[in-house]
Amino acid sequence: MTRTRSERPRDLGQDDADCPHRLSDRGVQGADDLQPLFEKAGIDAVVMPMGVQAADYPNFLRELFKVTNIRGALVTMPHKKTTIELADEVSPTARIAGAANALLKREDGSLLADMFDGEGFVRGVSRRDAS
């Protein structure tokens, strides 16, 4: 089956290479897990794993978001704390956590940092308890 895509998909970068592990049982999800979920939801996006060393991350992130069709990024350790320092705006959740695992590039080019680890953890525990 050939997958069709629009001429202008939105890319979501995922810094994946510095993460020493992937948790199983639907814990930490990587690009291979997320792409089918986006397709099923009709979201025209591609998750592209990218690796960057911590020392290079601030400059890399600034350059990455110059790409015209990037919409956001999923961030792993060790970059979560640094991400809130680089964002133009930080959600209350990310501010309380002191870290962010998601960046959204807004129409004006500004970056919004957010954190959904806690929400995902609670949802996972709730699903496990229900089964």
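Quick note: the coordinates plus some simple rules give every number you see, no bench work behind them. The shown structure was predicted, so the numbers you read here are calculated from the model rather than taken from an experiment. No Cβ is skipped: glycine too gets one built from the backbone with ideal geometry, and neighbour counts run over all protein chains shown.
A compact table of results
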item: GLU63/PHE116 FRET efficiency (R0 25 Å; Cβ-Cβ; nearest 0.05); result: 0.50
item: Residues LYS81, LYS66, sorted so that the one with the fewest Cβ neighbours within 10 Å comes first; result: LYS66, LYS81
item: Estimated distance in nm for a label pair at ASP108 and MET48, the labels positioned 7 Å out from Cα along Cα-to-Cβ; result: 2.7 nm
item: SER91, SER110 arranged by Cβ crowding within 10 Å, fewest neighbours leading; result: SER110, SER91
